[in-house]
Amino acid sequence: MRIEVLGAVRLADGTGAPVDVPERKVRALLAALTLSRGETVPADVLVERMWGAQLPANPQRVLQAKLSQLRSLFDAAVDGGRDLVAREPGGYRLIGGGSGVTADVDADELHRRVAQAQDVAGADERLAALDGVDRLWRGRPYGEFADELWAAAEVAALEELHLEAVELRASALLEAGRPGDAYVAVQPLLAAHPTREGLVATAMHAAYLTRRQPESFSLYERLRTHLADTLGIDPDPRTRELYQQILRQSPDLNRRGPDRPRASQADTGDNTDRGASSDDLPRDNNLPRHRSVLLGRDEETAEALGLLDDRRLVTVLGLGGVGKTRFATAVTSRALRERSDVDSAWFVDLTVLSAADPGSATSDAIVAALSATMGLARVRGGRTDPIERVAAALDERRALVVLDNCEHVVDAVAAFTADVLAGTDHVRVLATSREPLNLPEEQRLPLHPLAVDDGPDGYGPAVALFLDRTRTVAPHLELGEADVDAATELCRRLDGLPLAIELAAGRMNLLSAGDLLTRITDRLDLFARPGRGAPRRQQTLRGMLDWSWELLDDAERALLRRLAVHPASWTLDAIEETCADPAGEDVPLRRVDVLPVLARLVDRSLVATTHTAGAEGAAVRYRLLETVATYADEQLETSGERRDVAARHVEYFRAMAECAGEHLFGPHARDWVAWLHREHAHLDHALREALRAENGAEAVRLALASFWFRWMTGRTDDLVAELVAVAACPGPRDAAYAQVAVLAATSFDGDGDVPRHPSELLEAHTSWPLVIDPGGGADAGARDAVPVRPSAERTRRWCERVLEALGRFADDAAGVAARVRVQWFAATPLVCSAEFRERGERLFDEAVEYLIADGDVRAAAFAVTQRDWFLVEHWGVRPRGLPDGYDAEAILRAHGDDYGLTQLLAVAHLVAESDGDVERAAAVAAEAHALSEDLDLPGESAYWEVVLALQALRADDLDLCARRLDRATTLARQIGFGFPTVLAHGGHAALALRRGDRARSEALLEELGLPDRVVARRGVTRVLGDDALPAPDRVR
């Protein structure tokens, strides 16, 4: 088994075949263990390296799951591989081998090779020791984890080792009389290491010996300038002496005699083929000459060259505009320069062939085009098969054939390629296409859009490309930080597509990056280049997408445009339900055809896939890039199908949400909460679509189905506003509508701005004490008192609106059954009002009695947890529980209602704190927190994190208190839930006071408004007592 970290972290079996490690957290675990191989890594360290500050629920248990996944991958790589991850008393260790199983690491091989090269004197021996080292190095060590603090030292050491290896190999090549190869070895590294004299000196010497003396002078001058500007020093004496020898053309430089290099100019590290001429490459080629730099494709170029070692057919696949032609040209240029088994290269642009012309889209047509390209004479009389003659000529010239833009004649290309490969030994084919050729010999190489982030300059190659192309159209334009930020977002919105980025940069002589960003909705036509020098399909994004669209059949077009109904990622089930036509004859897209049609769109790079890991295993989701989605949305509008497709989308996700709602209070809640988390974007869109279409019936059902998921997870941004909007939407005024009206009335008092979360409104109406005297004391009758609660009249109006909403139900059995399902929830604000408390408790009691009589004791048990919490919290009375001897806790546990149990435990916690039962309070809080984490309820988790933090402070564990408060704040802010944020703020104030920093404690409280300050004080002092915070008269 082999572990590779010299680039992206990878795993391979004993034959070198890759073993896919699809999940990032498992790759992080593999990287962390490999970095410390042979040493025991504590479990806490592994957790920190894998998750940082964003810890999962139950970190140790999740770590065990990830270790199990890694061991399974090791078993897939080699029998018994799981034994290579050893459990030690102090943690876990990656061992090098045992019981006949070994794990090699490419970094260790690099160390061995360099050490061997340093121990031998002769050039040939050093070259033998370093043979293949360049293939070991695939990019920055540890790939996506290279910037992590825990990997920084190892990454830096490996990068230095790589440079040493390059310098050793290059110097050996010079000694062996191979200056051209020496230059090829060092040139890609010069830009990144301009002051590394070993590299520069080798490049100077090699350039001189390959008859490019001016370039030697330029290299020296750049070195001298960089050293002077950055370090204030001159080059090393040996480098200066080399420069003088080059000036004098000293015979000492030519002692070994230069070989005649195949390539007098190496390809640069950024894969530029700029300035290529007939002297740079063998004359047997017709490669296009690109005058600008190819950026951001170093890893893919190296991968393509590596694939051509083993495969004779490599197909570069990607969406139009991703840069396949340019990439293939750069790969072929490097192959010509660097490979001894490639003597010629022939580029065939297949766009000259027409798929609509049967005589054009054939294998013979490709033969004719290639014959003309190679200058082969036409044989008359038909005695020689043309394809045999072309194949023989290609084989004789050991050719690399580039077949560009195959997608519209893919069958003809496949037939031609199969014949050529079958009839030759030395020919290789590099094809570019939007879909594969599907030949047995084919190796597919997906070419993805450029990364926008995570580059060495703080931005990725997509932004670097935009800035580079901007300089070509506006060379004197100075871009500030705000411009770069706008350019970064622009590149993100353009999906990192090189064509789109180049077209956008072409407008920078007219518009700023910010202006382009604001006009992004016009991208299909706004971003264009003049017609000279580029085919029509590359002059605008619309032209590029028109080309792809024209190649699709009716079913493919139907599916692509229908996916644009909502620009989110999809599951296959959702696509089948939403995008397939209803059963019938002569429909464009039957349900049974969705999967094969979707597969063809994926093959053509019009639909992207993402792989996710879950409790039930890996899953695939499908999405459109934003640029493709914009185009497809236009096609959907033109087709006239939008209304029907949108209706099917709404219907499917409403039905799924109703199914989820049935299971949220049972043993399968965790799975359905996870589903609702994954699909919340679709659910939000479905509700907005129902409101836009004024489909009140669907809007009501969606709002009811998703209400409790949003409430229990804390995803309540805009919940109140949506309830109000749904209640106002035209539609049947039935019992379901009345339920929404009650929820809306209960969640919004009708005065002022709509709150983000109903709890904010409830806290505003129920904060205690009624008034605070900022001038001295908490005397409710003080002359200068400042009111905290809204007026009694406003509270009265709110409660009356709730009662009015409850009166909208019919008096028949169905109406009563629908009303009691929301009646107990509606009673919540009434119970918190002194004027309406008795009425509220009566409504609670009626609902609970009905539910018990109806046989739904689980719902009755949940309802009393809500009533009892407010009774204990706001009135200080003991919880009442269920009537007739029913045990709410036993019922909730028996039904597997973990969320209901968290609510009951919240009541138990209040009682335990009130009774001074610290041990019981701690046990209750720990269980409630664990349940919330297991269900992935971030709002509940945030609340319990604060409670546990205050308990840690009570136990004098100040560091644990601080960590829990920080995590509570992070969780709450991620979902916009203000209540735990306020409590955490109060916890930080108590922590500051405990640390002796009264001024900071007072300042933290002053940052809160008066109502929030009361809420924070009540939550903190309940656990820690009145002395935990500065007295109210000290806080202004």
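What to note about this one:
- Dmax and Rg, reported as Rg then Dmax, of the range 140-209 (C-alpha, Å): 13.8, 44
- Seen against the Cα atoms of the chain and their longest principal axis, helix 918-935 is set at about 50 degrees.
- Where labels lie 7 Å past Cα in the beta-carbon direction, separation of ARG623 and ALA792 in nm: 5.5
- Packing-based ranking of 433-439, 342-348 yields 342-348, 433-439, ordered from highest to lowest mean Cβ neighbour count within 10 Å.
- Over the range 613-731, the pair-distance histogram of Cα-Cα distances with 10 Å bins from zero comes to 12, 39, 34, 15, 1 percent, rounded to whole numbers.
- Normalised contact order of the range 937-1036, rounded percent, pairs of Cα under 8 Å and 6 or more residues apart: 26
- The chain: relative contact order in percent, alpha carbon pairs under 8 Å with at least 6 residues between: 6
- Rounded to 5, percent antiparallel among DSSP beta bridges of the chain: 50
- Projected onto planes of every orientation and averaged, the convex hull of the alpha-carbon atoms in the chain covers 52.5 nm².
- For the range 855-925: relative contact order, % (alpha-carbon pairs under 8 angstrom, 6 or more apart): 31
- Convex hull of Cα atoms in the range 780-938, direction-averaged projection (nm²): 12.0
- Calculated FRET efficiency for the pair ARG643/ASP395, C-beta based, R₀ 56 Å, to 0.05: 0.40
- Where labels lie 7 Å past Cα in the beta-carbon direction, separation of ALA53 and ASP134 in nm: 4.4
- Fewest neighbouring Cβ atoms within 10 Å first, the residues ILE3, ILE501 line up as ILE3, ILE501.
- Each listed q (0.09, 0.10, 0.12 Å⁻¹) maps to a log10 I(q)/I(0) for the range 1-176, found by the Debye formula over equal Cα scatterers with no solvent: -0.34, -0.42, -0.59.
- Kirkwood hydrodynamic radius of the range 789-833, Cα pairs, Å: 11.3
- Directionally averaged projected area (the range 855-925, Cα convex hull): 4.7 nm².
- Sequence ranges 863-875, 906-918, ranked by mean other-Cβ count within 10 angstrom, highest first: 863-875, 906-918
- Cα centroid separation, the range 561-634 to the range 977-1036 (Å): 51
- Calculated FRET value between GLN60 and GLU148, using beta carbons and R₀ = 22 Å, to 0.05: 0.60
- Cα centroids of the range 673-700 and the range 167-219: 62 Å apart.
- Residue-span extension gain [VAL918 to ARG519] - 0.36 nm each, minus C-alpha spacing: 137.6 nm
- The C-alpha atoms of the range 937-1036 occupy a region whose extents along the principal axes are 37, 29, 20 Å, arranged from largest to smallest.
- For the pair ALA43 and LEU595 in one chain, pulling the backbone fully straight at 0.36 nm per residue adds 194.4 nm over the alpha carbon distance.
- Per residue, the convex hull spanned by the Cα atoms of the range 385-427 measures out at 62 cubic angstrom.
- Cα long-axis angle, helix 541-550 against the chain (0 to 90 degrees, to the nearest 10): 90
- Difference of contour (0.36 nm per residue) and Cα-Cα distance, ASN286 to GLU658: 127.7 nm
- Two-site label geometry, ASP364 and THR609: point separation in nm, points 7 Å out along Cα→Cβ: 3.8
- Sorted by Cβ density within 10 Å, fewest first, the residues GLU396, GLU160, GLU651, GLU478: GLU478, GLU160, GLU396, GLU651
- Once the C-beta distance of GLU849 and ASP887 is scaled by a Förster radius of 25 Å, the resulting FRET efficiency is 0.90 to the nearest 0.05.
- Here the alpha carbons of the range 298-446 define both size measures, Rg and Dmax, at 14.5, 49 Å.
Rule-based calculations on the coordinates, nothing more; no lab input. Bear in mind the structure is a predicted one, so any value in this text is a computation, not a measurement. Don't worry about glycine lacking a Cβ; one is built from the backbone with ideal geometry, like all the others, and counts go over all protein chains shown.
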